[in-house]
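Down below is the structure, laid out as C-alpha cells.
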Amino acid sequence: MLKIAIQRSGRLYEDSIKLLKECGIELNNGNKQLKTSAYNFPLEVYFLRDDDIPQYVYDGVADVGIVGENVLLEKGKDIELIYRLGFGRCRLSIAVPKNLKYNSIADLEGLKIATTYSSLLQTFLNEKKVTAEIHEISGSVEIAPGIGLADAICDLVSSGSTLFTNGLKEVEVVLRSEAVLAINKQLPAEKKDILEKLMLRINAVKTAKNNKYILLNAPNNKLKEIASILPGMKSPTVVPLAEEGWSSVQSVVNENIFWEVIEKLKALGAEGILVVPIEKMIM
Ligand code: PRT
Ligand code: ZN
C-alpha cells in the first residue's frame with residue numbers, strides 16, 4: 001500500500017483529487033475524513049493541511065505528497081521532488097505600497113518585510129546581499145503595510161488582484177511555484193513498485209494533455225513534406241482516400257508547437273484538419 005498526502009481543503013484539493021481520478025483511481029466514500037483508500041489501486045489517501053505535508057512525508061507517515069513547491073522549499077525537509085504537476089501555479093513575490101519609490105532591490109535595505117515564508121525570503125535577501133528585517137506572521141500578510149505592521153510584504157501572488165486591492169505593487173519575484181509530487185527518500189521496494197505504476201499513469205495523463213491527435217487530408221504529392229513536420233509518436237499513419245491522389249494523415253502534435261504546425265500544414269495544402277483531445281498517452 002502506498003500512502004499519499006494531499007491537501008484537505010484549499011487551492012490544491014480539487015486538482016489533486018482530479019488527477020487521481022484521471023489516473024483511474026477511485027476513492028472510497030466521502031472526502032472529509034482524515035484518510036480514505038482507493039478500491040481499485042493500492043493507495044491510501046491522507047487529507048492534511050498543506051503546511052504539514054512535507055513533515056509527514058519526511059517522517060514516513062505518508063510516502064508521497066502533493067504540495068506547493070513554495071511550501072516544500074520553505075519547510076526545507078529532506079524529501080525528494082519527483083514531478084511537477086502543472087497546477088497551483090503562483091509566484092512568491094515581494095510587494096511594496098504602490099506609491100513607494102522603487103528602483104532596485106537595494107531599496108529594500110533596512111525595510112521591515114512581513115511574510116509567512118521567512119526562510120525563502122531570508123535566502124533570497126542573502127543572495128541579493130540585502131539586509132531587511134523579516135517579520136513572520138501567519139496570515140493576512142497583505143494588510144500588514146496598511147496597518148503599519150511592515151513596510152513591505154512577501155507573499156504568494158497569482159492574478160495580482162489581492163495586491164492591487166490592498167494598494168501594493170509587486171517588485172521582486174522570489175520563487176515561481178506549482179504543485180509538485182514529493183516522496184520520502186527511503187521507500188521500500190514494494191512501495192517503489194506502486195509508485196512506479198502511479199507515475200506511469202500520471203505521465204500518461206499529463207502527456208495526453210500536452211498533445212493533440214490530428215487528422216487531415218493531404219494531396220499525395222505533398223505527403224513526404226507533410227509527414228516530415230508531423231513526426232507523431234513514431235511516424236504518421238497514412239491511409240489512401242477514396243478520391244484519387246489524396247490521403248488521410250493521422251498523427252500526434254505537441255501543444256507547444258501546435259499552431260506553428262497547423263500553419264505549415266495549411267501552406268502545404270492540407271485540408272479538412274481535425275484536432276481531437278487525447279485521453280491517455282503511453283509512450
Ligand atoms: O489549510 P491549508 O494550510 O492546507 O491551506 P492554505 O490556506 O495554507 O493554502 P491555500 O489553499 O491558500 O494554498 C495552497 C497552495 O496553493 C499554496 O501553497 C500555493 O502553492 C498554491 N497557490 C496558488 C496559492 C495561490 N496560487 C494564491 N494565490 N496559494 C495562495 N494564494 C493566495 C495568496 O496567499 C494571496 O492571499 O491568494 C492570494 C493572492 O491571489 P491573487 O490571485 O489575488 O494574486
Ligand atoms: Zn497552509
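Considering only Ile143, Asn256, Gly88, and ranking their Cα positions along the charge dipole of the chain that arises from unit charges at the beta-carbon of Lys, Arg, Asp and Glu, the one farthest toward the positive end is Asn256. Note on segment 217-262: Rg/Rh from C-alpha atoms, Kirkwood Rh, equals 0.99.
Decide, for segment 90-177, between rounded, prolate and oblate: order the square roots of the alpha carbon gyration tensor eigenvalues as a ≥ b ≥ c, take rounded if a/c falls under 1.5, and otherwise choose prolate if a/b is larger than b/c, else oblate. Rounded, because the longest to shortest axis ratio a/c is under 1.5. Among the trypsin sites (Lys or Arg not before Pro) within segment 157-195, those in coil by DSSP and having at most 13 neighbouring Cβ atoms inside 10 Å are Lys185.
Short-range pairs are left out: with C-alpha atoms under 8 Å and at least six residues apart, the relative contact order of the chain is 19 percent.
Could you state the angle between the C-alpha long axis of helix 13-22 and the longest principal axis of the C-alpha atoms of the chain, as a value from 0 to 90 degrees rounded to the nearest 10? Between helix and principal axis, roughly 20 degrees. Counting only Cα atoms, the size of segment 1-134 along its three principal axes is 57, 29, 24 Å, in decreasing order. Taking all Cα pairs closer than 8 Å and separated by 6 or more residues, the relative contact order of segment 90-177 comes to 50 percent. For the chain, the longest principal axis of the C-alpha atoms and the axis of helix 118-127 are separated by about 80°. Note on segment 140-248: lysine pairs with Cα distance below 20 Å, sequence gap of 8 or more or different chains, count 8. Its DSSP H runs of at least 4 residues, each contributing -39,500 (n - 2.57), put the calculated 222 nm mean residue ellipticity of the chain at -8000 deg cm²/dmol, to the nearest 500.
Residues within the reach of a label modelled at Ser119 (point 7 angstrom out along Cα to beta-carbon, backbone nitrogen below 15 Å), restricted to segment 62-90, are 67-81.
Quick check: from the Cα gyration tensor, does segment 134-198 come out rounded (a/c under 1.5), prolate or oblate? It comes out prolate by the Cα gyration axes. The residues of the chain expose, per residue, 54 Å² of accessible area to a 1.4 Å probe.
The distance separating the Cα centre of segment 53-67 from that of segment 81-115 comes to 27 Å. For the chain, what ratio Rg/Rh do Cα atoms give with a Kirkwood hydrodynamic radius? Using Cα coordinates only, the ratio equals 1.10. Within the accessible surface of segment 90-177, defined with a 1.4 Å probe on protein heavy atoms only, the carbon and sulfur portion equals 48 percent.
What aspartates and glutamates does Lys266 reach when the alpha-carbon gap must be under 14 Å and sequence neighbours fewer than 8 apart in one chain are set aside? Correct list for Lys266: Glu225. Dividing the mean sequence gap of close Cα pairs (under 8 Å, 6+ apart) by how many residues segment 210-277 holds gives a relative contact order of 50 percent. The simple Förster model, with R0 at 45 Å and r as the Cβ-Cβ distance, assigns Trp246 and Asn203 a FRET efficiency of 0.80.
The values are calculated or read from the model by the stated rules, or taken from the named source; none is laboratory data. On a predicted model such as this, the values are computed, not experimentally measured, just so you know. Counting neighbours? That spans all protein chains shown, and the Cβs are built from the backbone with ideal geometry, glycine included. With ligands, DNA and RNA removed, areas are computed over all heavy atoms of the protein, side chains included. Shrake-Rupley method; radii C 1.70, N 1.55, O 1.52, S 1.80 Å.
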